[in-house]
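Student: Got a structure for you, written out below as structure tokens; questions coming shortly.
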Amino acid sequence: MKVKEIVSLVAGELVGAAIDPEYEITKAFASDLMSDVLRFSMDDTILITGLCNNQTLRTAEMADLRVVLIGRDKQPDEDMIELAEESDITLIKSKYSLFKLSGILYDAGLKPLY
Amino acid sequence: MHYTFTIEQGNFTDAGQASSSVKRTLKQLGVDPANIKRTVVALFEAEINAVAHAYGGTIDVDIDDGKIVMVVADQGPGIPNIDLAMQEGWSTASAKVREMGYGAGMGLPNIKKNTDDLKIDTKIGVGTTLTMTVNLV
């Protein structure tokens with residue numbers, strides 16, 4: 001599923017300079033615990049999280065995650081946006097809850113990590 | 001090649017900068033992506049541990065053709081029970097640390113999983129030194 005399709009499905013908004021909106025995502029992982037994120041292989045995976053701070057992006061960078069979807073209507077600040085751009089990570093924000101985001105994306109065909 | 005970084009207690013704004021810098025260096029050196037991933041995940045966990053639990057410290061990274069050795073040395077308080085700290089899910093993280101997304105009790109187990117060798121030297125009131133080795137060959 002392309003990044004731009006995900007943005008549309010979750011009534012989301014790209015924040016900052018995104019990577020290629022055609023970038024393909026096949027899996028999703030939802031977590032607010034960053035140590036759990038670091039436990040798994042995250043190739044072609046989108047992270048769905050309500051944790052909206054620099055550590056979300058640092059963790060994504062270490063885990064080789066290129067797309068992060070921030071739920072619960074959290075607002076990334078300027079520092080976060082800058083760090084996302086530096087780290088080549090696409091940030092999407094949405095007003096939906098993590099449960100709703102997960103449901104929509106699962107229904108649309110994204111696979112769980114396990 | 002040798003790199004040194006400083007860790008500041010409780011500074012979650014900059015936490016991860018050292019790991020990020022090491023990741024960029026390893027990419028430039030053409031290290032295999034799987035080895036980069038396990039190196040930076042281990043280093044990042046150790047860096048976050050030192051920011052979250054310790055009173056500051058240092059990171060020393062040595063890279064040669066055969067291995068990467070990372071030493072994360074902090075200035076206390078030390079780990080009272082290493083066996084417990086190595087158990088998945090066991091954590092002493094504060095509410096502030098949990099708000100930052102950490103404190104799942106996966107730090108040291110994750111470091112062990114991602115490294116070929118892990119040595120933990122800890123003394124209560126003095127500090128903890130983690131020596132982590134990733135073999136490249």
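Student: Name the residue that is surrounded by the fewest Cβ atoms within 10 Å (Cβ to Cβ), counting only residues in the stretch A:22-43 that are among the aliphatic types (A, V, I, L, M) and within 15 Å of B:LYS37 (Cα to Cα).
Tutor: Among residues in the stretch A:22-43 that are among the aliphatic types (A, V, I, L, M) and within 15 Å of B:LYS37 (Cα to Cα), the one surrounded by the fewest Cβ atoms within 10 Å (Cβ to Cβ) is A:MET42.
Student: While we're on this one: Residue by residue through the stretch A:53-70, note down the ones that are part of a helix (DSSP H, G or I) and basic (Lys, Arg). Outline the logic, then answer.
Tutor: Of all residues in the stretch A:53-70, those part of a helix (DSSP H, G or I) come to A:54-62.
Passing the criteria: only A:ARG58.
Student: Among the residues in the stretch B:60-82, are any outside any helix (DSSP H, G or I), farther than 17 Å from B:VAL134 by Cβ and free of Cβ contacts under 8 Å to residues at least 40 places away in the same chain?
Tutor: So far as the stretch B:60-82 goes, yes, one or more of its residues are outside any helix (DSSP H, G or I), farther than 17 Å from B:VAL134 by Cβ and free of Cβ contacts under 8 Å to residues at least 40 places away in the same chain.
Student: Let me ask something additional. Please enumerate the residues belonging to the stretch B:24-45 that are small (Gly, Ala, Ser) and either within 8 Å of chain A (Cβ to nearest Cβ) or in a helix (DSSP H, G or I) (or both).
Tutor: Matches in the stretch B:24-45: B:ALA34, B:ALA42.
Student: Given the structure, is A:LEU69 within 11 Å of the chain's Cα centre (by Cα), farther than 24 Å from B:GLU47 by Cα and either buried (at least 17 other Cβ atoms within 10 Å of the Cβ) or charged (D, E, K, R) (or both)?
Tutor: Values: within 11 Å of the chain's Cα centre (by Cα): yes; farther than 24 Å from B:GLU47 by Cα: yes; either buried (at least 17 other Cβ atoms within 10 Å of the Cβ) or charged (D, E, K, R) (or both): yes.
Considered against the rule, which asks whether it is within 11 Å of the chain's Cα centre (by Cα), farther than 24 Å from B:GLU47 by Cα and either buried (at least 17 other Cβ atoms within 10 Å of the Cβ) or charged (D, E, K, R) (or both), A:LEU69 comes out as yes.
Student: Okay, moving on. Can you pull out the residues in the stretch B:37-55 that are surrounded by fewer than 22 Cβ atoms within 10 Å (Cβ to Cβ) and hydrophobic (A, V, I, L, M, F, W, C)?
Tutor: The answer is B:ALA54, and nothing else.
Student: Among the residues of the stretch B:1-19, write down those that are surrounded by fewer than 22 Cβ atoms within 10 Å (Cβ to Cβ) and either of a type in the set (D, E, K, R) or not in a loop (DSSP other than H, G, I, E, B) (or both).
Tutor: B:HIS2, B:TYR3, B:THR4, B:PHE5, B:THR6, B:GLU8, B:ASP14, B:GLN17
Student: Testing B:THR92 on (1) modelled with pLDDT of 95 or more; (2) hydroxyl-bearing (Ser, Thr, Tyr); (3) surrounded by fewer than 16 Cβ atoms within 10 Å (Cβ to Cβ), one condition comes back false. Which one is that?
Tutor: (1)
The values are calculated or read from the model by the stated rules, or taken from the named source; none is laboratory data. Small disclaimer: the values here were computed from a predicted structure and weren't measured. Please note: Cβ atoms are built from the backbone with ideal geometry, for glycine as well, and neighbour counts cover all protein chains shown.
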